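Undergrad: The following block contains the structure, expressed as structure tokens.
The values are calculated or read from the model by the stated rules, or taken from the named source; none is laboratory data. Just so it is clear, the model here is predicted, and its values are computed rather than measured. Cβ atoms come from the backbone with ideal geometry, glycine included; neighbour counts cover every protein chain shown. Just so you know, the surface numbers come from the protein's heavy atoms only, side chains and all, with ligands and any DNA or RNA stripped out. Shrake-Rupley method; radii C 1.70, N 1.55, O 1.52, S 1.80 Å.
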Amino acid sequence: MIRQYDKIKDMDLSFETKLVDHKINEMDTGRDLTQCICHVDMDAFYASVEELDDPSLKEIPMAVGGMHMLCTSNYKARQFGVRSAMPGYLALKLCPQLKIIPLHFPKYRAASAKVRAIFAKYDPSFLPMSLDEAYLNLTNYLSTSELTPEQLVQQIRDEIQQETQLTASAGIAANRMLAKICSDFNKPNGQYFLPMEREAIMKFTSNLSIRKVSGVGRVTERVLQTLDVKTCGDILHRRAILYRLLSPISFQFMLKCYLGLGSTNFNLESDRKSISVERTFSALSKPDDLYRKVDELAELLAVDLGRNQIQGGKTVGIKLKLTSFDVRVRSKTYPSYISKKEDIARIVKELVQKELPVSIRLMGIRLSSLPPKVDDDHGVKKYFKKRKNTDAGEEQPRKISTVPSSPVSVLTSTSVTPDTHLTASIAANENAPSIVAVTCPICSRSLALDNHQFNQHLDECLNKVTVKAILQQQQQNQSPPQDQTQGRSLLDYYR
DNA sequence: GCGGATCAC
DNA sequence: TATGGTGATCCGC
Ligand SMILES: Nc1ccn([C@H]2C[C@H](O)[C@@H](COP(=O)(O)OP(=O)(O)OP(=O)(O)O)O2)c(=O)n1
Ligand SMILES: [Mg+2]
């Protein structure tokens, strides 16, 4: 894609610009500002639930999880850089006083149920995204009430606090994408209202970091940064380039970011497409050990199948994470549904066997191509679709990639290089493959990287300011001849 | 349909 | 000592 970019960047793209402008105009005109969408997100959820049972935890840095992995942390701990999905033992290096509390899922489920009961009062069709998070469409409720959106959401949050002693943050806006971002604006224990008006929305997005948009993760952020796109507003300046470089789906998603468009309706009860189970363990490589794992996982998966009343799946897949952390996925599709644990185990073992020899730290098994959901609703009713939502291609961000063959490249000729997946092409097409030994000015590690890799490394280092500041502080404070390995491993984690 | 990858939570 | 688990989507074959 970099190569494509180099080729395109100096071309005259007035034609593309005109075409894109027309599309933008179309989308802008179709904007739906009639709905009032609210995103509610509980604050430091698991940690806050733990603080209910032990209020002394509120005063100290605390995280929930184990030495292997933390699920979340309270806000005191976040000041030290302790976050979700961080190994506990590394978090302890950032914050030696950190107290780690084991997970208590039944408590989180109970708290979640209370919160959801409140959601249901204001929107019976609310859309839960996880135990601690949901979207509500408040349009109907507001039409029967004198309250302003802000007053109503304040009331909902008050009610949550009364019922659970837990605090929530909320965002109110014209669609899900915006409401989600707004809920983060005044977190914790706050709310933000973005008026359902075009001007307010355009002002809001113009300066908004693209990374705030759900669906734009670390990788996508970096790629867009390469194209000088840091905010949603930047998308307009680079619209022609983006049109040429991105797939139609990705480009459409970018325009939606620029315009602040998003879905307003909730596709409840969409069919599940796969069911899986995976486990991490200390390294295994002996075939007998691997096959024993297969049996354990097949048993778990079979139970889960029954619990969810799923007949089976036609596609059986495995996932192996090597001790190098490389991941391999393999799958095979059959003409009939697989469901018995013995059948699952047999097929999975065949798939595993082909990968031998391997040394792995994780094994996962998965069934997909599941049967269409059984409606326990009999009779002809089901033939009259309860179509609450006819949105085709609704909320599909993800996967920035090169456009297969843009309309223009068809005109301009020649089968250009087969466009590869974005990340692959960045690695492969990097114009200066010369690997150079350099020393990172931030983490002081010597690195053997090409130019692009080095820049990525710098980005990472700069993104982790909090972590590094604390690390350096610790290195200074502690006796000089100390764990070189500890500092290194922590930085490796943020590679 | 397959495999790699990204993303949310 | 120690770097999770589940499900979805997208891309290019
Ligand atoms: N990678 C992750 C992210 C989150 N969670 C769990 C723990 C969180 O408590 C819960 C909710 O996720 P959030 O992203 O909403 O994080 P918190 O609610 O903990 O914090 P906050 O919303 O205040 O930022 O999901 C997890 O297990 N693994
Ligand atoms: Mg939360």
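Undergrad: Would you mind checking A:K121/A:K180; A:K58/A:K93; A:K76/A:K212; A:K107/A:K319; A:K203/A:K273 for any pair whose Cα atoms are more than 27 angstrom apart?
TA: Flagged as over cut-off: A:K107/A:K319; A:K203/A:K273.
Undergrad: Further question: What length, rounded to one decimal in nm, is gained on full extension from A:Q155 through to A:E342, with 0.36 nm per residue of separation minus their alpha-carbon distance?
TA: 62.0 nm
Undergrad: Let me ask something else. Calculate, for A:S270 and A:R31, the FRET efficiency according to 1/(1 + (r/R0)^6) with r their C-beta to C-beta distance and R0 30 Å; round to the nearest 0.05.
TA: Computed FRET efficiency for A:S270 and A:R31 comes out at 0.75.
Undergrad: Of A:D32, A:D289, which has the most accessible area with a 1.4 Å probe, and how do the rest follow in descending order?
TA: The residues order as A:D32, A:D289, largest area first.
Undergrad: Hey, another quick one. Only four residue types carry charge here, +1 at the Cβ of Lys and Arg and -1 at the Cβ of Asp and Glu. Report the dipole size of region A:81-192 about the Cα centre in Debye, rounded to the nearest 20.
TA: Using Cβ point charges on Lys, Arg, Asp and Glu, region A:81-192 gives about 580 debye.
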